[in-house]
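The values are calculated or read from the model by the stated rules, or taken from the named source; none is laboratory data. Just so it is clear, the model here is predicted, and its values are computed rather than measured. All Cβ positions, even for glycine, are placed from backbone atoms using ideal geometry, and neighbour counts span all protein chains on display.
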Amino acid sequence: MTTNELNIAIVGAAGRMGQMLVREVTQTKGCRVSGATDSPNSGAIGKDVGDLAGVHALGVHIAEDPAPVIAQAHAVIDFTRPDATVEHTRLCAQANAAHIIGTTGLTAEHEAALELASRHCQVVYAPNMSVGVNLLLALTEKVAAVLGDDYDIEVVEMHHRHKVDAPSGTALGLGKAAAKGREIAHGEAAVYAREGHTGARPAGKIGYATLRGGDVVGEHTVIFAGDGERIEIGHRASDRKIFAAGAIRAAIWARKQDYGLYSMRDVLGLD
């Protein structure tokens, strides 16, 4: 190990995304997997994380306790669950480790915890780490601002059958981007479900449609439906590798920044 290597800890390392992150970190120049964790009841505890991810033995064994793992890291990449992410961000703040968060389903209370932690470390929180999706977020805000209230906005998303939250964090991010472009409150505009005799569509609302099935990695489309025309912008992910690559890019970027709460749009220079 050289002194200028970036030590990256992977929490939730035994999952599909965790294993992908391990593979990508080992292939990224200047980065190394310094530690790995998984939930206490995981059958992967004690296993070499490199062997588990299908690369080669790294001499890094999956641990149950995240505290010592985070204490040795420069950056922590986290695609776990909301409550676990809040605990990890507290530990990152104590260790001065950058916290890169791709966890979805966070509430306002969870996000407040990230804001608090960001006073003591760099936190990059994004509903989607893909470069393409973050370009889509920027485009959605711009298109919503240009088109105005004459166009109805619908966000359609589809993911694999195992996804536990809906709408996806990315879909919500797109809806919030549209609301920002229109300078309206997302919470007042969002419509998450329709059933039965709903009546005519109210003006100014942002609708969501959620689809689940198969092994779909992630598909998102934002529809702007006006009289006489419809504009659709979207993104389809076919490989989780794009999320891992974006997260590693964020980790490298974050270590050069002041403490604070950032998004992937900051990482990519889109704001």
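Report, by residue number, each residue of region 87-108 that is out of contact with any Ser or Thr (no Cβ under 9 Å at 6 or more places or on another chain) and over 18 Å from Val164 (Cα atoms).
Within region 87-108, Glu87, Arg90, Leu91, Cys92, Gln94, Ala95, Asn96, Ala97, Ala98, Ile100, Ala108 qualify.
Does Thr3 satisfy being touching an Asp or Glu at 6+ places or on another chain (Cβ under 8 Å), part of a loop (DSSP other than H, G, I, E, B), at pLDDT below 95 and not charged (D, E, K, R)?
no
For Glu219, all conditions in the list (1) of a type in the set (D, E, K, R); (2) over 26 Å from Phe79 (Cβ atoms); (3) touching a strand residue (DSSP E or B) at 6+ places or on another chain (Cβ under 7 Å) hold save one; what is the number of the exception?
(2)
Look through region 148-181, keep the residues that are under 27 Å from Asp227 (Cβ atoms) and surrounded by fewer than 17 Cβ atoms within 10 Å (Cβ to Cβ), and return whichever of them is nearest to the chain's Cα centre (by Cα).
Filtering region 148-181 for residues that are under 27 Å from Asp227 (Cβ atoms) and surrounded by fewer than 17 Cβ atoms within 10 Å (Cβ to Cβ), the one nearest to the chain's Cα centre (by Cα) comes out as Lys180.
If you go through region 49-59 one residue at a time, do you hit one that is within 16 Å of the chain's Cα centre (by Cα) and either in contact (Cβ under 8 Å) with a residue 12 or more places away in the chain or surrounded by fewer than 19 Cβ atoms within 10 Å (Cβ to Cβ) (or both)?
no
Determine the pairs where a residue that is touching a residue at least 60 places away in the same chain (Cβ under 8 Å), located within region 192-219, has a partner that is part of a strand (DSSP E or B) and of a type in the set (Val, Ile, Thr) with Cβ atoms under 9 Å apart, the partner being 6 or more residues away or on another chain.
Correct list of pairs: Glu219/Val156.
Can you pull out the residues in region 74-116 that are of a type in the set (Gly, Ala, Ser) and touching a helix residue (DSSP H, G or I) at 6+ places or on another chain (Cβ under 7 Å)?
Ala75, Ala93, Ala95, Ala97, Ala98, Gly102, Gly105, Ala113 - these are the residues of region 74-116 that are of a type in the set (Gly, Ala, Ser) and touching a helix residue (DSSP H, G or I) at 6+ places or on another chain (Cβ under 7 Å).
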